[in-house]
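The values are calculated or read from the model by the stated rules, or taken from the named source; none is laboratory data. None of the values given here were measured: they were computed from a predicted structure. Counting neighbours? That spans all protein chains shown, and the Cβs are built from the backbone with ideal geometry, glycine included.
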Amino acid sequence: MTDSQPLAWLGNKLRLLDQTRLPRKEVYLELTSYQEVAQAIREMKIRGAPAIGVAAAYGVALGALQIKTSSKDEFMTRLKDILQTIEATRPTARNLFMATSRMQKAAEAAGTVAEIKEALVREAASIHSEEASATRSLARFGAGLIEDGFSILTHCNTGSLATTGYGTALGVIKYAHEQGKKLRVFATETRPRLQGAHLTAWELKQAKIPFTLITDSMAGHFMSRGEISCVIVGADRIAANGDTANKIGTYTLAVLAMEHGIPFYVAAPTTTIDPLVASGDEIPIEERSPEEITHIQGVSIAPEGIKAANPAFDVTPHLYITAIITEKGIVKEPYVERLGGIIDV
Ligand code: MRU
């Protein structure tokens, strides 16, 4: 496992870098059951849409390897329970459901129980390597939009940790940096889970890319001062019309970017596009525990017993999105036709 690779398949267990412990400690977990994988996804020890998809696939493979029966019917019934448990972890990231659907199809296409088990491990490994190579390729396309001297604002964490590959929005930034372009990055801290402060700052520091950490609410200030050349974010699910669900706060950034005439780019592999969802209104938005708002690192910061809302994602309507960067190229309006043209349904 290289520095910021979040997971590795060890044949009969899944090794995970616990992202809830970063940046203070690099703690590796060895998960030996699908229930542990489901819990790790729910608790965001592994997070980021593509990484969730890969972990989900290995979780299903792990569960399947542990089913002790030679009856195909019984095996498929137990596999269904495993798929349901994994799918119930986090509802927004499209990659999770893409992964479980591919795992189910791989099982259905195989013969005996032993063959199904082998097919599931193979399919999980394919999902892993495809996600990894997709982000490298989208990063190359995206870097073409970045000019020498750009100052880029990004939100949440979209690097290797979030993708198991090179990164989406952060991949574009890393690629442009490797091309020798002089860049400055503004990374939002990303309330409430602080993926920007904990994880993006960690990855940018490792990559030696100059950056400044800001609170989410400072974005408008820096835009109004002419300090931001473009905004690049990732995506958890992109509807057929280009509406994009991403980390809470993304919509605010998109509206601010438009107000200031700043290009707003979404970078995501095509596995994040959901052709069955017509618009952002239909994307399920995960609601997480109010404790993530009322507490910081376990310490209460608000009066006891108050109400707090915690939608983990918001939807940016496609009208605010200058372009969507994918591994198959850069897509602009009209999104319905052009996104439809690049995905395999
Ligand atoms: O709640 P998280 O940390 O899983 O949310 C992650 C994001 O919103 C990312 O921006 C998104 O998954 C794209 S990352 C490749």
Requested in this report: Answer with yes or no whether Val54 is surrounded by 15 or more Cβ atoms within 10 Å (Cβ to Cβ), over 23 Å from Phe313 (Cβ atoms) and among the aliphatic types (A, V, I, L, M).
Outcome: no
Report summary line: Condition set touching a residue at least 40 places away in the same chain (Cβ under 8 Å) and within 15 Å of the ligand (Cβ to nearest atom), scope region 11-22, selection surrounded by the most Cβ atoms within 10 Å (Cβ to Cβ): answer is Gln19
Query raised in the report: Which one of Glu36, Glu30, Glu74, Glu108 is acidic (Asp, Glu), away from the ligand (no atom under 16 Å from the Cβ), modelled with pLDDT of 95 or more and in contact with a strand residue (DSSP E or B) (Cβ under 7 Å, 6 or more places away or on another chain)?
Result: Glu30
Query raised in the report: Got a number for residues in region 81-99 being closer than 25 Å to Thr272 by Cβ and either outside the structural domain of Ile52 (by TED's automatic domain parsing) or not aliphatic (A, V, I, L, M) (or both)?
Result: 10
Query raised in the report: Only one residue in Leu120, Leu199, Leu161 is on the phi < 0 side of the Ramachandran plot, assigned to a helix (DSSP H, G or I) and in the same structural domain as Arg24 (by TED's automatic domain parsing), so which one is that?
Result: Leu120
Query raised in the report: What number of residues within region 159-195 are over 15 Å from the mean Cα position of the chain (by Cα) and hydrophobic (A, V, I, L, M, F, W, C)?
Result: 6
Query raised in the report: Of the residues that sit in region 39-51 and are within 7 Å of the ligand (Cβ to nearest atom) and hydrophobic (A, V, I, L, M, F, W, C), which one is surrounded by the most Cβ atoms within 10 Å (Cβ to Cβ)?
Result: Ala49
Query raised in the report: Quick one: how many residues across region 142-171 are surrounded by fewer than 24 Cβ atoms within 10 Å (Cβ to Cβ) and within 11 Å of the ligand (Cβ to nearest atom)?
Result: 1
**Report entry** Residue within region 129-141 that is more than 16 Å from the ligand (Cβ to nearest atom), under 25 Å from Gly59 (Cα atoms) and at pLDDT 95 or above present
**Finding:** yes
